[in-house]
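Participant: If you scroll down you'll find the structure; I have some questions about it.
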Amino acid sequence: MPQPGTANPPDDRAPTFDPASIERPEPELLTYYTLCAACTLIGFPFVFIPYWFKYLTLRYKLDDEGVSMTCGLLFKKEVHLTYRRIQDIHVSRNLFHRWLGLSAISIQTASGSAGAEMVIEGVANPEALRDFLYTKMRGARGDHDDDPSTPPLDAPADETLALLHEIRDELRAARLALEARS
């Protein structure tokens with residue numbers, strides 16, 4: 001039991017990011033959509049109803065293959081991006097986003113379109129998601145990847161280092177042989 005006035009030791013176990021936990025947007029996204037529709041004044045019902053259906057049907061899936069998004073009731077939109085196609089990731093927050101603690105993550109590919117290929121809306125922890133996507137798109141292995149079938153990243157570095165040591169030793173031997181001849 002800690003003594004009064006003494007600090008508890010720091011907890012080294014930081015909460016880990018689980019990409020599978022992002023399946024739906026945060027509930028505050030509906031509040032955001034309501035605020036956006038309210039800005040239209042007279043057009044509120046005409047703007048809010050499509051937003052409401054979008055919120056009800058919006059689904060995300062992050063797996064080993066890539067990122068998927070589906071939304072829509074009458075006109076269903078499905079987007080699936082593999083990690084290797086992702087070129088750039090942008091996190092944006094407008095005034096309402098910041099007030100509600102939300103953000104939007106725009107994912108761009110090399111498809112030639114001017115806008116983002118996919119926008120993940122209603123994310124409360126955008127930095128963790130952005131870092132996860134960057135890690136996956138670069139093919140690096142992070143702390144969240146516990147798959148034993150993937151080789152560790154230091155294995156190719158060890159092979160490269162061993163090859164460089166071998167080259168160094170051969171060059172040293174060649175230099176000594178040249179010095180012995182002269």
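Participant: Output yes when any residue across the stretch 60-70 is in a helix (DSSP H, G or I) and either under 18 Å from Ala128 (Cβ atoms) or modelled with pLDDT of 95 or more (or both), and no when none is.
Facilitator: To start, the set of residues in the stretch 60-70 that are in a helix (DSSP H, G or I) comprises none.
No, the stretch 60-70 contains no residue that is in a helix (DSSP H, G or I) and either under 18 Å from Ala128 (Cβ atoms) or modelled with pLDDT of 95 or more (or both).
Participant: Then there's this: Just to be sure, is Glu23 more than 13 Å from the chain's Cα centre (by Cα) and in a strand (DSSP E or B)? If you could, list the steps in order and put the result at the bottom.
Facilitator: On the way: more than 13 Å from the chain's Cα centre (by Cα): yes; in a strand (DSSP E or B): no.
Here the answer is no, as Glu23 does not meet what is asked.
Participant: Inspect all residues belonging to the stretch 1-20 and state whether any of them is assigned to a loop (DSSP other than H, G, I, E, B) and at pLDDT 90 or above.
Facilitator: Of all residues in the stretch 1-20, those assigned to a loop (DSSP other than H, G, I, E, B) come to 1-18.
Remaining after also requiring at pLDDT 90 or above: none.
So far as the stretch 1-20 goes, no, none of its residues is assigned to a loop (DSSP other than H, G, I, E, B) and at pLDDT 90 or above.
Participant: Consider the stretch 107-118. How many of its residues are crowded, with 16+ Cβ neighbours inside 10 Å and out of contact with any Asp or Glu (no Cβ under 8 Å at 6 or more places or on another chain)? I'd like the intermediate steps shown before the answer.
Facilitator: From the stretch 107-118, those crowded, with 16+ Cβ neighbours inside 10 Å are 107-109, 116-118; that's our starting set.
Still in the list and also out of contact with any Asp or Glu (no Cβ under 8 Å at 6 or more places or on another chain): 116-118.
Within the stretch 107-118, residues that are crowded, with 16+ Cβ neighbours inside 10 Å and out of contact with any Asp or Glu (no Cβ under 8 Å at 6 or more places or on another chain) number 3.
Participant: Still on this structure: I'd like the full set of residues that are under 14 Å from the mean Cα position of the chain (by Cα) and surrounded by 13 or more Cβ atoms within 10 Å (Cβ to Cβ), limited to the stretch 35-64. Spell out how you get there, then give the answer.
Facilitator: Our first condition is that a residue be under 14 Å from the mean Cα position of the chain (by Cα); within the stretch 35-64, this holds for 60-64.
If the condition is that a residue be under 14 Å from the mean Cα position of the chain (by Cα) and surrounded by 13 or more Cβ atoms within 10 Å (Cβ to Cβ), then Tyr60, Lys61, Leu62 are the ones that fit.
The values are calculated or read from the model by the stated rules, or taken from the named source; none is laboratory data. As the structure is a prediction and not an experimental result, all values here were calculated from the model. Ideal geometry is used to build each Cβ from the backbone, glycine not excepted, and the neighbour counts take in all protein chains shown.
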